[in-house]
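Inspection log for the structure reproduced underneath, given as structure tokens.
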Amino acid sequence: MNETVHTMSTQPSELGDAAAEGVGELLRRGTKGAPIATYAEGEPPISWQTISDGGWDVFGVLDDGEGASLRDLVELARAWGHGCVQQPLVTTLLAKRHSAAAAAHAGPVTIALPLPGGAAPYVPFGQVPGVVLATGLGRGSDELVPVPEGTPETLAISSRGIQADVHTELAAVVAREIAVTLAAAATGMAERLLADTLAFVKEREQFGKPIGSFQAVKHQLADAAIDAELAETAVIWGAERPDEAFRGALFAVDRCIDIAETAIQAQGGLGFTWEVGLHFPLRQMILTRDVVNALEVEHA
Amino acid sequence: MTASVVRVPDLDLESFAARAEKWLTESVPARWRESRGRLSNEESDELRRDWDRKLWQGGYSGLSIPAEYGGCALGLAEEVVFHVLAGKAQAPDGFTRVGKTLVAPMLIKSGTAEQKAKYLPPLMRGDEVWCQGFSEPEAGSDLANIQTRARRVEGGYLLSGRKTWTSFAQHADWCFVLAQTQPDAPRYRNLSMFLVGMHQPGITLSDIKQISGAVHFAETRFEDVFVADSDRVGEDGEGWKVAMRVLGDERGGVETASRYVEIRSDVDLLIRTVGDRPALTARLRELDVRAELLRWQLAKVVDREVGDPERLLRSASVLKVMWSELWQDVTRFGLEVSPAADRDHWQYQYLEARAASIYSGTNEIQRNILSERVLGLPR
Ligand SMILES: Cc1cc2nc3c(=O)[nH]c(=O)nc-3n(C[C@H](O)[C@H](O)[C@H](O)COP(=O)(O)OP(=O)(O)OC[C@H]3O[C@@H](n4cnc5c(N)ncnc54)[C@H](O)[C@@H]3O)c2cc1C
């Protein structure tokens, strides 16, 4: 425990900063700030073509080991999470980073991810036509195969995934990168929920004033802001210190879930409705927690 | 997205750290390191006073204070590194904390040339100790409700009133006092800031014993104590402005660095003593993660937020809530699960830690700041 801040770095490289900015712009143009609920179950507001035209799916590809760091992927995934757009960017990014077959493939790629308690693995976007599955990342055979038949995964519905009896072999380093990057995307989603909730409590009035002026509401949101800081710090920690990847990712996702719960509470009955859609990111977070947990059990 | 902040080159910071670590190892008195808990009050006070002078002689006093005022002209990163290393080396906590973290920045920002020349050198040398006279019986969280009066007289003021919770008062040579000078002026514009010598007639101290049994603060009464015009900081009526300028300072980072070391060593003690009890693993792991995140949060602040007042406001409140509540949770856990041999330690730590969410702005006030001034929620 001998390091102090002089051996610690928390900032992404210029690559990561630029990617976050680019993805932010992509989301602004694609979603025009529309509420998540308006697209979470329908047509994605950004096409896969637009994503790959921007080169975002190959952002993580390494050339002789050179390229974006995990810290940079975190920055990109966090920015991407803000949009809660249902496209397989994170899995494709990681597949192309760790599989030559995936890198050579033009379309979106998915990964079979473990779930705890012996549940059948989860294949995000397994219901989407044209998505192919990587058989091994950094380990096992490096091939792409069609996604097999399975049952639709019912929690994280906007990811249109399946559960199927299929396996992607993962090197430990890849398992860690998946955990941290998924957690970073969840962190972005939580920041989005927090921003939307702040806007809501400034508008919504009860007792003749905005509910955001009640101290009980304020302090919950202050805690959510602290949780958002902590979640970001935890994914940075996980990205910078491989031994801490799973602990960092899990801690971050737990704080994201706390934030989502606060968002629902602060929006009252509306927050509890399917329509308003706060549950879409929350569902992603809970599934992410399961995946990170199972990855830790298998690879820690 | 802002461009990434240029970091202090690692090489420099690293060589600073190496130099500081070596100096600390050689300079921390063995007597303190080995028998700190068993020293008489007199010996403990003497070692702490001595430590302030040693810091000066070693060239580590006022790390981020400009050289023209006797400081080392380094940055927040060095302050943080030094405090972490000092904690690890079990260095004493001197008596100049209030002076260096509050008075020096206040004088540098708002003091006259004479005030700087008169007060900063002895403070940097470790010769003079300062205390802070802000809180009063009727002015706690509502600090602007100060009742202590300074009446105008020829050449200065006569100060009368009661300050409370004054840390270091028993050791202090000077107190910086916020007092009413314009009773009829509107709130926030009725106060002035004064530098008051503690060794003069009209000042009485009464010790206040804390829940832990320690006596670290006192009630301070002023009865017609003369303060010269030249010892007023800022204009008459500008005391609130002067005070706010220091309270919003970067001190949050330095305080967190010291706290991190204490919390880390408490969590390590828990890992050593109860780490093998499966029923406790989950809670211990959570505390361990939170302790590490405190350090990374601090590194994030050092990397990004130096010189950005808006971000500093946010990060000061975030850090304060983080470390104080973590420390309280750690000590509560220690109290509940510790083996008999460590009971005294945990009882003391637990009781002392209760103060952490009260001083430097209670955690409720921090949450008010975060929600109103950072998140922009309506008052
Ligand atoms: C160990 C220690 C050392 C100290 N050292 C010094 C020192 O050296 N110099 C100095 O000037 N002061 C010092 N203080 C005083 C400290 O700054 C005050 O205790 C603090 O500001 C709180 O004021 P109070 O004690 O009057 O509590 P109060 O303000 O009466 O608060 C009581 C409770 O009410 C809550 N509360 C008050 N207002 C609000 C609000 N608007 N919204 C929500 N909740 C609210 C508080 O959070 C708290 O829980 C010290 C205190 C301690 C414990």
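The values are calculated or read from the model by the stated rules, or taken from the named source; none is laboratory data. Computed from a prediction, not measured in an experiment: that's the story for all the values here. Cβ: placed from backbone, ideal geometry, glycine included. Neighbour counts: every protein chain shown. Areas reflect the complete protein model, heavy atoms only, side chains present, ligands, DNA and RNA absent. Shrake-Rupley method; radii C 1.70, N 1.55, O 1.52, S 1.80 Å.
Take the residues of segment A:192-210 that are over 27 Å from the mean Cα position of the chain (by Cα) and at the interface with another protein chain (Cβ under 9 Å from one of its Cβ atoms): which is farthest from A:Arg176 (Cα to Cα)?
A:Lys209
Out of all the residues in segment B:316-331, is one or more outside any helix (DSSP H, G or I) and within 14 Å of chain A (Cβ to nearest Cβ)?
no
Given B:Val289, B:Val227, B:Val261, which one is surrounded by 14 or more Cβ atoms within 10 Å (Cβ to Cβ), modelled with pLDDT of 95 or more, more than 21 Å from B:Asn190 (Cβ to Cβ) and more than 16 Å from the ligand (Cβ to nearest atom)?
B:Val289 is the lone residue from the list that is surrounded by 14 or more Cβ atoms within 10 Å (Cβ to Cβ), modelled with pLDDT of 95 or more, more than 21 Å from B:Asn190 (Cβ to Cβ) and more than 16 Å from the ligand (Cβ to nearest atom).
I need the full set of residues from segment B:108-120 which are over 20 Å from B:Ala169 (Cα atoms), in a helix (DSSP H, G or I) and touching a helix residue (DSSP H, G or I) at 6+ places or on another chain (Cβ under 8 Å), in order please.
Listed by number, the residues that qualify are B:Ile108, B:Lys109, B:Ser110, B:Glu114, B:Gln115, B:Lys116.
Please determine whether any residue of segment A:170-178 is of a type in the set (Gly, Ala, Ser), surrounded by 20 or more Cβ atoms within 10 Å (Cβ to Cβ) and in contact (Cβ under 8 Å) with a residue 60 or more places away in the chain.
Yes; the residues of segment A:170-178 include at least one that is of a type in the set (Gly, Ala, Ser), surrounded by 20 or more Cβ atoms within 10 Å (Cβ to Cβ) and in contact (Cβ under 8 Å) with a residue 60 or more places away in the chain.
Taking only segment B:182-203 into account, find how many residues are within 13 Å of B:Leu159 (Cβ to Cβ), surrounded by fewer than 22 Cβ atoms within 10 Å (Cβ to Cβ) and of a type outside the set (A, V, I, L, M).
Number of matching residues: 4.
Of all residues in segment A:129-154, how many are surrounded by 16 or more Cβ atoms within 10 Å (Cβ to Cβ) and under 30 Å from A:Ile36 (Cβ atoms)?
8
How many residues, within segment A:211-241, are facing another protein chain (nearest Cβ under 8 Å), of a type outside the set (S, T, N, Q) and without any contact (Cβ under 8 Å) to a residue 12 or more places away in the chain?
6
Can you tell me which residues in segment A:242-253 are surrounded by fewer than 24 Cβ atoms within 10 Å (Cβ to Cβ) and either aliphatic (A, V, I, L, M) or facing chain B (nearest Cβ under 9 Å) (or both)? Before the answer, list the steps.
Initially, segment A:242-253 is screened for residues surrounded by fewer than 24 Cβ atoms within 10 Å (Cβ to Cβ), giving A:242-244, A:246-247, A:250.
Those that are surrounded by fewer than 24 Cβ atoms within 10 Å (Cβ to Cβ) and either aliphatic (A, V, I, L, M) or facing chain B (nearest Cβ under 9 Å) (or both): A:Glu244, A:Arg247, A:Leu250.
Taking the condition of being more than 14 Å from every other protein chain (Cβ to nearest Cβ) and near the ligand (Cβ under 8 Å from one of its atoms), how many residues in segment B:138-176 meet it? Please lay out each step first, then the result.
The first filter runs over segment B:138-176 and keeps only residues more than 14 Å from every other protein chain (Cβ to nearest Cβ), leaving B:138-140, B:142-176.
Remaining after also requiring near the ligand (Cβ under 8 Å from one of its atoms): B:139-140, B:142-143, B:163-169.
The qualifying residues number 11.
Does B:Asp266 count as surrounded by fewer than 19 Cβ atoms within 10 Å (Cβ to Cβ) and either farther than 19 Å from B:Gly253 by Cβ or within 16 Å of the ligand (Cβ to nearest atom) (or both)?
Against the criterion (surrounded by fewer than 19 Cβ atoms within 10 Å (Cβ to Cβ) and either farther than 19 Å from B:Gly253 by Cβ or within 16 Å of the ligand (Cβ to nearest atom) (or both)), B:Asp266 does not qualify.
Taking segment B:335-379 as the search range and keeping residues that are of a type in the set (Lys, Arg) and more than 8 Å from chain A (Cβ to nearest Cβ), which one is farthest from A:Lys202 (Cα to Cα)? Please lay out each step first, then the result.
First pass over segment B:335-379, keeping only residues of a type in the set (Lys, Arg): B:343, B:354, B:367, B:373, B:379.
Cutting the leftovers down to more than 8 Å from chain A (Cβ to nearest Cβ) gives us B:343, B:354, B:373.
Working: B:Arg343: 48, B:Arg354: 34, B:Arg373: 14 Å.
Going through the qualifying residues, I end up with B:Arg343.
Can you give me the ranges of the helices (runs of 4 or more DSSP H) entirely in segment A:172-274 with at least 2 residues that are in contact with a Phe, Trp or Tyr (Cβ under 9 Å, 6 or more places away or on another chain), charged (D, E, K, R) and within 23 Å of B:Leu319 (Cβ to Cβ)?
none
Within segment B:327-337, which residues are surrounded by fewer than 21 Cβ atoms within 10 Å (Cβ to Cβ) and in contact (Cβ under 8 Å) with a residue 24 or more places away in the chain? Can you show your working first?
Step one: filter segment B:327-337 for residues surrounded by fewer than 21 Cβ atoms within 10 Å (Cβ to Cβ), giving B:328-329, B:332, B:335-337.
Within segment B:327-337, B:Gln328, B:Asp329, B:Val337 meet the criteria.
Considering only residues that are more than 15 Å from A:Leu89 (Cβ to Cβ) and in contact (Cβ under 8 Å) with a residue 40 or more places away in the chain, look in segment A:40-60 and name the one that is nearest to the other protein chains (Cβ to nearest Cβ).
Among those residues, the one meeting the criterion is A:Ala40.
Please pick out the residue among B:Gly87, B:Gly70 that is buried (at least 18 other Cβ atoms within 10 Å of the Cβ), of a type in the set (Gly, Ala, Ser) and more than 20 Å from A:Thr7 (Cβ to Cβ).
Checking each option against the conditions leaves just B:Gly70.
Are any residues in segment A:6-53 of a type in the set (Ser, Thr, Tyr), open to solvent by 20 Å² or more (accessible area, probe 1.4 Å) and farther than 30 Å from B:Phe16 by Cα, and if so, which ones?
Result: A:Thr38, A:Ser47, A:Thr50, A:Ser52.
I'd like the full set of residues that are polar (S, T, N, Q) and free of Cβ contacts under 8 Å to residues at least 60 places away in the same chain, limited to segment A:69-106. Break it down into steps so the answer makes sense when it comes.
Here is the first cut: in segment A:69-106, the ones polar (S, T, N, Q) are A:69, A:86-87, A:91-92, A:99.
Listed by number, the residues that qualify are A:Gln87, A:Thr91, A:Thr92, A:Ser99.
Of all residues in segment B:267-304, which are among the acidic types (Asp, Glu) and within 13 Å of chain A (Cβ to nearest Cβ)? If you could, list the steps in order and put the result at the bottom.
In the first step, residues of segment B:267-304 are kept if they are among the acidic types (Asp, Glu); the result is B:268, B:276, B:286, B:288, B:292, B:303.
Residues satisfying the conditions are B:Asp268, B:Glu286, B:Asp288, B:Glu292, B:Asp303.
Output the number of residues of segment B:342-379 satisfying the condition of being in a helix (DSSP H, G or I), without any contact (Cβ under 8 Å) to a residue 12 or more places away in the chain and either more than 8 Å from the ligand (Cβ to nearest atom) or surrounded by fewer than 17 Cβ atoms within 10 Å (Cβ to Cβ) (or both).
Residues flagged as in a helix (DSSP H, G or I), without any contact (Cβ under 8 Å) to a residue 12 or more places away in the chain and either more than 8 Å from the ligand (Cβ to nearest atom) or surrounded by fewer than 17 Cβ atoms within 10 Å (Cβ to Cβ) (or both) within segment B:342-379 amount to 4.
Suppose we filter A:Gly248, A:Gly212, A:Gly188 for residues that are within 16 Å of the ligand (Cβ to nearest atom), touching a helix residue (DSSP H, G or I) at 6+ places or on another chain (Cβ under 6 Å) and either at pLDDT 95 or above or under 20 Å from B:Pro378 (Cα atoms) (or both); which single one remains?
After applying the criteria, what remains is A:Gly212.
Show the residue pairs that are 6+ apart or on different chains and have beta-carbon atoms under 6 Å apart, the first residue being within segment B:213-235 and charged (D, E, K, R), the second being exposed (fewer than 13 other Cβ atoms within 10 Å of the Cβ).
Here the result reads B:Glu219/B:Ser206; B:Arg221/B:Thr204, each pair linking segment B:213-235 to a residue that is exposed (fewer than 13 other Cβ atoms within 10 Å of the Cβ).
Report, by residue number, each residue of segment A:131-160 that is assigned to a loop (DSSP other than H, G, I, E, B) and touching a residue at least 60 places away in the same chain (Cβ under 8 Å).
Result: A:Glu153, A:Leu155, A:Ala156, A:Arg160.
So B:Gly307 fits all but one of (1) more than 9 Å from every other protein chain (Cβ to nearest Cβ); (2) part of a helix (DSSP H, G or I); what number is the exception?
(2)
Taking the stated definitions as given, is B:Gly99 within 14 Å of another protein chain (Cβ to nearest Cβ), more than 10 Å from the ligand (Cβ to nearest atom) and under 16 Å from the mean Cα position of the chain (by Cα)?
no
Quick check on B:Ala169: is it out of contact with any strand residue (DSSP E or B) (no Cβ under 7 Å at 6 or more places or on another chain), outside the structural domain of B:Ala356 (by TED's automatic domain parsing) and of a type in the set (A, V, I, L, M)?
no
Answer yes or no: is there a residue in segment B:40-55 that is modelled with pLDDT of 95 or more, closer than 30 Å to A:Ser9 by Cα and not basic (Lys, Arg).
Scanning segment B:40-55, I find at least one residue that is modelled with pLDDT of 95 or more, closer than 30 Å to A:Ser9 by Cα and not basic (Lys, Arg), so the answer is yes.
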